[in-house]
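Trainee: My questions will all concern the structure given below.
Only the coordinates and a few stated rules stand behind these numbers; no lab work does. All values derive from a computational prediction rather than experimental measurement. Cβ placement follows ideal geometry from the backbone for every residue including glycine, while neighbour counts extend to all protein chains displayed.
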Amino acid sequence: MKNPFKFSCDNKRYHTLAYHNKRIFKEKIFKAVIDAGFTCPNKDGLKGTGGCIFCDSGSGYFTNSHLKPIDEQIKAELIRIQAKNPNARAIAYFQANTNTYADINKLKSIYLPVLSIKDIAGISIGTRADCLQKEILDLLEELSHKTYLTVELGMQTIHNKTLNLINRGYNHSEFLKGYFSLKNRNIRTCIHIINGLPGESKDMMTETAYHVGIIEPDALKIQLLHVIKNTPLEKMYINKMFNVMSKEDYISTTVNQLEYIPPKTVIERITGDGDKNKLIAPLWSTDKISVLGGIDKLQAELNSWQGKKYKKL
């Protein structure tokens, strides 16, 4: 069957990051993962303590130690990447914790020097929607004019009951305020959502995707909920307060969600890697190839593709 999805150069029926990067950069682009030593307002007491119930060290599973200077972290990442891919370039990905949660002068001292590092093609900054004050937005807009910038925001879900349960620290309307503050400045923005959050049905997850489609982000990351050791979520799991998703449910839910996402939205992640040394459940998630293949197979069987049910308002 011919692939009906136009933003593809292979059998994928969704807009992959690989396709996007080849179109923008004319080459494969990698991620250099950085830990700049930030904390989070949901950890230091401003909004809460302990972080979101699933959070483990700010989600920076693959980062270098934040004690190492940022230029050294980037150099180490480039050495790692270029060992297998000589002359490759990378996006400097500030992943751990909330990467705009600091004094503006500190933020400038962190981000502006990265622009001059050889083989860095752009910057990706993971942050929260409630950490985007005007002076920070001004800096992000400046960066967006100087490099290929992406700001990543964790929506997780549109359902306020779930946001409260996971200790997110703000409601969905506050997320939207932060999101549109970026969109109104034409800053490329990637939204994160999580499938399998406690208490959420497949219909609720699909509703989240439907609302993602309405606001038309530049990019989207779809993540399976991982139960990680030494998190509040682990205690909930041990006490049987919720069930993790099966692989079949995750695949079918994700395929359904993609139908509501605008075709031009880049799917930067469609599943996720948990730290295998800390992962409690679901263990099937470690077989990433099987999950990706399952999504491809089901889309083909159903003749489904990203944006099939999307209607621009």
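Trainee: Shape of the stretch 4-139 from its Cα gyration tensor (a ≥ b ≥ c, root eigenvalues): rounded if a/c is under 1.5, otherwise prolate when a/b > b/c, or oblate?
Mentor: prolate
Trainee: For a quick check: with amide H placed at 1.01 Å from N, whose amide H comes under 5 Å from I228's, ignoring anything fewer than 5 positions away on the same chain?
Mentor: Those lying under 5 Å, H to H, from I228 are E234, I280.
Trainee: For the chain, take the convex hull of the Cα atoms, compute a quarter of its surface area, and give me that in nm², please.
Mentor: If you wrap the Cα atoms of the chain in a convex hull and average its projections, you get 15.6 nm².
Trainee: With a Förster radius of 22 Å, plug the Cβ-Cβ distance of N160 and S201 into 1/(1 + (r/R0)^6) and report the FRET value to the nearest 0.05.
Mentor: It comes to 0.90.
Trainee: Another question, if that's okay. Pick out which of S181, S116, S246 has the largest mean-square fluctuation in a Gaussian network model of the chain, springs linking Cα atoms closer than 10 Å.
Mentor: S116
Trainee: Separate question: Can you tell me what share of the DSSP beta bridges in the stretch 17-302 is antiparallel? A percent to the nearest 5 is fine.
Mentor: So the antiparallel bridges in the stretch 17-302 amount to around 5 percent.
Trainee: Still on this structure, I have one more. Which FRET efficiency value, to the nearest 0.05, is calculated for K118 and K288 with the Förster distance at 41 angstrom and r the Cβ-Cβ distance?
Mentor: 0.85
Trainee: Out of the chymotrypsin sites (Phe, Trp or Tyr not before Pro) in the stretch 20-120, which ones are loop residues according to DSSP with at most 16 other C-beta atoms within 10 Å?
Mentor: Within the stretch 20-120, the qualifying chymotrypsin sites (Phe, Trp or Tyr not before Pro) (loop, at most 16 other Cβ atoms within 10 Å) are F62.
Trainee: Tell me, what is the percent relative contact order of the chain, built from C-alpha pairs under 8 Å that lie six or more residues apart?
Mentor: Value for the chain: 18 percent.
Trainee: One quarter of the convex hull surface, Cα atoms only: what value does that give for the stretch 226-283 in nm²?
Mentor: 4.9
Trainee: In a GNM of the chain with a 10 Å cut-off on Cα contacts, which of V266, V114, V255 has the highest mean-square fluctuation?
Mentor: Maximum fluctuation in the GNM of the chain, among the listed residues, is at V114.
Trainee: Which lysines, if any, have their Cα less than 26 Å from the Cα of K240, not counting same-chain residues under 8 positions apart?
Mentor: The reachable lysines, counting only those whose Cα sits under 26 Å from K240, are K43, K161, K202, K229, K276, K278, K288.
Trainee: Under a point-charge model restricted to the Cβ atoms of Lys and Arg (+1) and Asp and Glu (-1), what is the dipole moment magnitude of the chain relative to its Cα centre, in debye to the nearest 20?
Mentor: Using Cβ point charges on Lys, Arg, Asp and Glu, the chain gives about 660 debye.
Trainee: While we're looking at this one, here's another question. Can you tell me the FRET efficiency between N171 and M236 if r is taken as the Cβ-Cβ distance and R0 is 30 Å, rounded to the nearest 0.05?
Mentor: 0.90
Trainee: Still on this structure, I have one more. Give me, ordered by chain and number, the residues 5 or more places off M155 or on other chains with an amide H under 5 Å from its own placed amide H.
Mentor: Amide H to amide H, under 5 Å and 5 or more residues apart or across chains, M155 pairs with H192.
Trainee: Return the long-range amide H neighbours of L149 (sequence gap of 5 or more, or a different chain), with a cut-off of under 5 Å between placed amide H atoms.
Mentor: Residues meeting the amide H criterion: I123.
Trainee: For K75, list the lysines whose Cα falls under 22 Å from its own Cα; do not include residues on the same chain fewer than 8 positions away.
Mentor: K28, K31, K84, K106, K108, K118, K146
Trainee: Another question, then. Under the Karplus relation 6.51 cos²θ - 1.76 cosθ + 1.60, θ = phi - 60°, what is the ordered set of whole-Hz ³J(HN,Hα) values for the stretch 278-283, x standing for Gly and Pro?
Mentor: 10, 6, 8, 6, x, 6
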